Every structure is written in C-alpha cells, then in structure tokens.
1. Could you tell me which of the residues Thr49, Thr60, Thr64 is touching a helix residue (DSSP H, G or I) at 6+ places or on another chain (Cβ under 8 Å) and modelled with pLDDT of 95 or more?
2. Check Ile280, Ile192, Ile223, Ile237 and return the single one that is surrounded by 14 or more Cβ atoms within 10 Å (Cβ to Cβ), over 30 Å from Gln131 (Cα atoms) and free of Cβ contacts under 8 Å to residues at least 24 places away in the same chain.
3. Of the residues Leu240, Leu188, which is of a type in the set (A, V, I, L, M) and under 24 Å from Leu65 (Cβ atoms)?
4. Please give the number of the condition Lys195 fails out of (1) over 25 Å from Ile237 (Cβ atoms); (2) of a type outside the set (Ser, Thr, Tyr); (3) in contact with a Lys or Arg (Cβ under 7 Å, 6 or more places away or on another chain).
5. Across the range 233-288, what is the total count of residues that are within 15 Å of Lys222 (Cα to Cα), aromatic (Phe, Trp, Tyr) and out of contact with any Lys or Arg (no Cβ under 7 Å at 6 or more places or on another chain)?
6. Taking Lys268 as meeting all but one of (1) touching a strand residue (DSSP E or B) at 6+ places or on another chain (Cβ under 6 Å); (2) of a type in the set (D, E, K, R); (3) under 27 Å from Asp174 (Cβ atoms), write down the number of the exception.
7. Output the number of the condition that Val77 fails; it satisfies all remaining conditions of (1) crowded, with 21+ Cβ neighbours inside 10 Å; (2) without any contact (Cβ under 8 Å) to a residue 60 or more places away in the chain; (3) β-branched (Val, Ile, Thr).
8. Of the residues in the range 73-106, how many are under 27 Å from Pro199 (Cα atoms) and either in contact with a strand residue (DSSP E or B) (Cβ under 6 Å, 6 or more places away or on another chain) or among the basic types (Lys, Arg) (or both)?
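The values are calculated or read from the model by the stated rules, or taken from the named source; none is laboratory data. Remember, predicted model here, so these are calculated numbers, not experimental data. As a convention, Cβ positions derive from the backbone with ideal geometry for all residues, glycine included, and neighbour counts pool all protein chains shown.
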Amino acid sequence: MQMKLTGWIVSLIFFTLTLNKSERKRNLEYPAFSAEAHRGGRGLMPENTIPAMLSALKNTDISTLEMDTHITKDGEVVVTHDDYLSSEFMLRPDGSEIDKTEAKKYVIYQMDYKSLKQFIIGSKHYPAFPQQQKVKTYIPRLADLIDSIQYAIKSTGRKQCFYDIEIKSSEKGDDIFHPKPEKFAELLLSVIQKKGILPFTVIQSFDKRALQFVHKKYPSVKISYLANNNKTYEEHIADLGFKPFIIGSSYKGFNPDIIKKAHADGVKVLTATVNTKEEIEKLRALKIDGIMTDYPNLFQK
C-alpha cells in the first residue's frame, strides 16, 4: 500500500511539473501582436511609475509594459526616461516647482536613490497629457516595480505580460549621465535575472554598444534595436552586427518597406509612439508586429 501511494504521489508530482512547464511555455510565447503601454501609458497615468504599470495591466488589453531605465549614483536600476529630473512633471520633496534653469543639476546618475525617491511625480499638471490622472508617487527601483507587477499578475490570474525595457545610454553620456554600457547592462540584467523575468523580457536601446554587449554575453536575451528611420533595413543590420529579435522604428517618417524586409529576414518590427485608433489600425493592416502608445486604452476590446 505504501509503495502504491508513493508511486501515485510521484506520478502526481510529475504531472504537476509537466503541466506547470507547459503553462509556463504557453505564457512565455511572445505575442503575435505586441500592444505596448509606452512608459506605462503616460497619457493616462504618471509615466514610468508603479501606478501607471498596474493601471495598464488592470484596465487595458496591453500585452507588454514598456519602460526606461537609468542608474543612480549608488548603483540602483531605476525606472525613468530623462537623464535628469524634468521640470515639466517633477516636483521637489516639499512640493515646490523645479525651475527649468536648474533642472539639469538633478542628474539621476549623480543622485543616491534615497534622495531621488523623495522627489514627487504625478502631482503636477502635465499639459502635454491632459487626461493624465494626478497620482502622487515617485521614481521606482526596477526591482520594486517588477515585484508589484508580478504580484498583481499572480493575485488576479492575469496572463503574464512581457517587459520591454530600455537602456537609456549614449556614447556622449558615458560616466556623466550613466555608467558605460557594459556596466549599465550588467546592473540591469542582474535585476532581471534575480526577479526571474528574463524569459519574457525584451531589452531595447538606441545605443548599439549596449545591445552588442548583451547579445555577446547573454545570447538568449531578446533584443530590440531602436533604429533611425533615415537608414535602410540592411544598413541597420550591418550597423548593429547581428539580427535582433525586433527592429524598433519611430512612427514619424515610418517606412512600411522595413516590415517586408524584416519579416523576410525573420525579424519583427515595432513602432512608437502611436496615439490614435486610426493610426493603430492602419499600421496593423500593414502587418506590423507591435505598437507602443501613450494611451493603452486604445487597445481596449
């Protein structure tokens, strides 16, 4: 009886592991069409914040959360777009305005995270996005943002989203606005690996140096090369030195021919930033593989 029971338990464990493996594989498939909340959907919520990401997950049909990363003075990977604190939508810890003339003194890479976290995002009216809700919050660490998203997915039973994470670096910004691309990439990948989201993460950048490093050291990582529209598809590939998972092209001056050539080469094409339903439908008719939008509610069924 004991042997039969043991055998039954072993069979059950094997079945459960097999089922879980199958479920993980199903959930990890890259979307046939990647509907992406640009900076978490800054048209509706404060950009690159935890409230924005959670709102996009809960209230829209997006498949992918897009975000930007920087590094602080003490080596924390944080989710924010600009090299410094923007006077357009950031406030000092006491709620006072950041004057435009002094904004650039608040360089992310020159600030410890403890200090950076005190600054306020989401309380100030942002004229560029009049629909954006006022939610007092802060610039998050990537690790904390991932924890919040993964908890929300687990607790609600929502299908696993993908992460489209940008390395915000450039050659002229090395050791001024960010560490050199190799160190930047290592710090970012360390967080992603620790949090277990690597299988459903795409690393994107305009900085080919960062992508070349990631591709060489972490060849299994999905890479998106944010390309310049003034170049042809062939020039992009030659410039990068390898075929990425995705070519990211700006919607301004978008050339549909890149879709045909990329697809023939086994590469996906994604564009940003598209903020009307009509433009989204036009691009989908061209068989584009993904679109970033500031208004993720445009993907609402």
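1. Numbers: Thr60 fails: modelled with pLDDT of 95 or more; Thr64 fails: touching a helix residue (DSSP H, G or I) at 6+ places or on another chain (Cβ under 8 Å).
Result: Thr49 is the single residue among Thr49, Thr60, Thr64 that is touching a helix residue (DSSP H, G or I) at 6+ places or on another chain (Cβ under 8 Å) and modelled with pLDDT of 95 or more.
2. On the way: Ile280 fails: over 30 Å from Gln131 (Cα atoms); Ile192 fails: free of Cβ contacts under 8 Å to residues at least 24 places away in the same chain; Ile237 fails: free of Cβ contacts under 8 Å to residues at least 24 places away in the same chain.
Checking each option against the conditions leaves just Ile223.
3. Working: Leu240 fails: under 24 Å from Leu65 (Cβ atoms).
Among Leu240, Leu188, only Leu188 is of a type in the set (A, V, I, L, M) and under 24 Å from Leu65 (Cβ atoms).
4. (3)
5. Total satisfying the criteria: 1.
6. Result: Lys268 passes all but (3).
7. Condition (2) is where Val77 drops out.
8. Residues in the range 73-106 being under 27 Å from Pro199 (Cα atoms) and either in contact with a strand residue (DSSP E or B) (Cβ under 6 Å, 6 or more places away or on another chain) or among the basic types (Lys, Arg) (or both): 6 in total.
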